[in-house]
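Quick notes on the structure that follows.
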Amino acid sequence: MLVAASLAAALYFATRSSPAAMSSAAPVSETAAATWPAGKHRAPDFALRDQRGAPVSLAALRGRPVIVTFIDPLCRDYCPTEAQHLNDVVHTLPPGQKPAIVAVSVNVYGNAHANLVEDGRKWNLVPQWRWAIGPAAALGRVWSAYHIAVLATTKTVAGVKVHTIGHTEAAYVIDAQGFQRALFLWPYSADGVVRTLRALTS
């Protein structure tokens, strides 16, 4: 219970909404915020849809490592930077070790196909990247299972509704057998994630 409480606290304090919310830049972490031994903690599965409308689930990706991260498709500050770090992870590893990346959306207002396509182009997302989107209730269950806090506020500006999303920025490394092995909280380095993935096959 102590470990779970510490993890929940770490994830809570990793929640951010905008650069203005940070008084100073947080140091980049080279190590995981939490790790688990092999076979100890199975990653919660889910069934959502990717940017092409195809089903996406951890069960279907069994047999290869997976990074599960949580991204706002409409974000233009931290999320694109995290996406670039994950691109770097994939580019660094050889073909047999490249992970699948599953980016669970944290913004139910931003999941239109056009937004996902634009992100893929602007962020130069690697082929291993798959969005995971779905109804608000289904996404909410995934956020909860992975201890991701999502805070949405809405205000009307000149007659237009504007949605602001604050969320925990976290990436889980899942091994080929479907077990959680590491949790990285943003800001983290690509090198730290690469070392973790390499250790899974050493």
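The values are calculated or read from the model by the stated rules, or taken from the named source; none is laboratory data. Worth saying up front: this structure is predicted, and the values here are computed from it rather than measured. No Cβ is skipped: glycine too gets one built from the backbone with ideal geometry, and neighbour counts run over all protein chains shown.
Does the stretch 152-182 hold any residues that are among the aliphatic types (A, V, I, L, M) and at pLDDT 90 or above, and which are they? Full working, then the answer.
Kept after step one, since they are among the aliphatic types (A, V, I, L, M), are these residues of the stretch 152-182: 152, 157-158, 160, 162, 165, 170-171, 173-174, 176, 182.
Selection gives Ala152, Ile165, Ala170, Ala171, Val173, Ile174, Ala176, Ala182.
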Qualifying strands (runs of 3 or more DSSP E) (wholly inside the stretch 111-202; at least 3 residues being surrounded by 19 or more Cβ atoms within 10 Å (Cβ to Cβ)) | 129-132, 160-168, 170-174, 180-185
Considering Ala182, Ala112, Ala136, which residue is out of contact with any Cys (no Cβ under 7 Å at 6 or more places or on another chain) and within 27 Å of Ser29 (Cβ to Cβ)?
-> Ala182
Test Leu48 against the criterion of being over 27 Å from Thr153 (Cβ atoms) and at pLDDT 95 or above, and give yes or no.
-> no
